[in-house]
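Novice: Okay, here's the structure, questions in a sec.
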Amino acid sequence: MSLTVQPSESLESPLACQRRLDRLRGKRDEVQCQHHKLTQELQVANDFLAVADQVTAALEQLSNDLFRNELNVIESTLTKALQEVLDQPIVFKAEASFRNGATSVEFAIERNGHIEDIMKGQGGSVANVVSVGLRMFAVTMLDEAIHRRFLVLDEQDCWLHPDLVPRLVKIVHDAGTALGFQVLMISHHDVNSFIRYADRVYRMSPDRGDGVKLERIEDDSAVVEDEHAS
């Protein structure tokens, strides 16, 4: 018995097989290239994850150090302001604590080695000066593209002795000029306390009707003459 095999019409020719093989080899090379690329990217990701905690800790420490430096500037600046206005050996203290990604700051004053409450210092005068200083620092931190550098101080000298008010006015004027923002101070103290250092001084008083009389005070002599006239 003999067996005869007839060639099938579906069998590819040697040339077609070669072309098919070349295409498969090209696909293989492409897959190998992608695999190599993904392996490299995976290695980079693994390397990053290996130091991620260290980088995060370093960035947090850097942020804390920068914040601490800012507090040092605030401490020295407000210490100088307090001593110039109140003429007392007062040191402003700002203690920061960092917990669970949040920052808190506690303020106090130190006098002769003793810590005092800001709200009780000098009958409230310390709070007046500190409040003004912190507001000024806050203004400097605002985005000038969104916020104007304009600060309103409403009776921030309320607990100051009248003799000390001009000192505060001078510091506010000098700081505003140096930092490049305008300040509007509202006060019940005598206008003579402002005339020396303020760029402009206005006095408001009730008129005979229901409105308010507004007059610009040019100098302290004009104030005295006006008071005698009234």
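Novice: Using a 7 Å offset from the Cα along the Cα-to-Cβ direction at both Ala16 and Gln34, what is the distance between the two label points in nm, to one decimal?
Specialist: 2.7 nm
Novice: Please give the FRET efficiency for Asn46 paired with Arg23, using the beta carbon to beta carbon distance and R0 = 35 Å, rounded to the nearest 0.05.
Specialist: So, using R0 = 35 Å, E works out to roughly 0.50.
Novice: How long is the stretch 32-98 along each principal axis, judged by its Cα atoms, biggest number first, in Å?
Specialist: For the stretch 32-98, the Cα extents along the three principal axes come out at 79, 17, 9 Å.
Novice: Now for a different question. Would you calculate the separation in nanometres between label points at Tyr202 and Leu179, each defined as 7 Å from the Cα along the Cα-to-beta-carbon direction?
Specialist: 2.3 nm
Novice: Quick one: angle between helix 165-179 and the longest Cα principal axis of the chain, in degrees between 0 and 90, rounded to 10, please.
Specialist: 30 degrees
Novice: Same structure, new question: Going toward the positive end of the dipole of the chain, with +1 on Lys and Arg Cβ and -1 on Asp and Glu Cβ, which of Val183, Asn72, Val51 do you reach last?
Specialist: Farthest towards the positive end: Val51.
Novice: Take the alpha carbon gyration tensor of the stretch 49-199, find the square roots of its eigenvalues, order them as a ≥ b ≥ c, and report rounded if a/c is under 1.5; if not, report prolate when a/b exceeds b/c, else oblate.
Specialist: Oblate shape, in that a/c is at least 1.5 and b/c is the bigger or equal ratio.
Novice: What fraction of the DSSP beta bridges in the stretch 49-199 is antiparallel, stated in percent and rounded to the nearest 5?
Specialist: 70 percent
Novice: Percent relative contact order of the stretch 49-199, based on C-alpha pairs within less than 8 angstrom and at least six residues apart?
Specialist: Relative contact order for the stretch 49-199 comes out at 17 percent.
Novice: Check cross-link reach from Lys93 to the lysines: straight Cα distance under 20 Å, and skip same-chain residues fewer than eight apart.
Specialist: Lys93 reaches Lys80, Lys120.
Novice: With label points built 7 Å along Cα→Cβ from the Cα atoms of Val212 and Lys120, find their separation and express it in nm.
Specialist: Roughly 3.6 nm, to one decimal.
Novice: Right, next: Once you list every other residue whose beta carbon is under 14 Å from the beta carbon of Ser125, what net charge do they have if Lys and Arg are +1 and Asp and Glu are -1?
Specialist: Values: positive: Arg111, Lys120, Arg167; negative: Glu84, Asp87, Glu116, Asp117, Glu155, Asp157, Asp163.
Local net charge: -4.
Novice: Compute, for the chain, the length of the dipole vector about the Cα centre, with Cβ point charges of +1 (Lys, Arg) and -1 (Asp, Glu) only. Units Debye, rounded to 20. Display every interim value, and only then the final one.
Specialist: Working: 24 positive and 37 negative charges, 282 e Å.
With only Lys, Arg, Asp and Glu charged at Cβ, the dipole is about 1360 debye.
Novice: Roughly how tilted is helix 125-140, in degrees to the nearest 10 and between 0 and 90, from the longest Cα axis of the chain?
Specialist: Roughly 40 degrees between the two axes.
Every number in this text was worked out from the coordinates using simple rules, so none of it is lab data. Source: prediction; values computed, not measured. Heads up, the Cβs are rebuilt from the backbone with ideal geometry, glycines too, and the neighbour counts pull from every protein chain shown.
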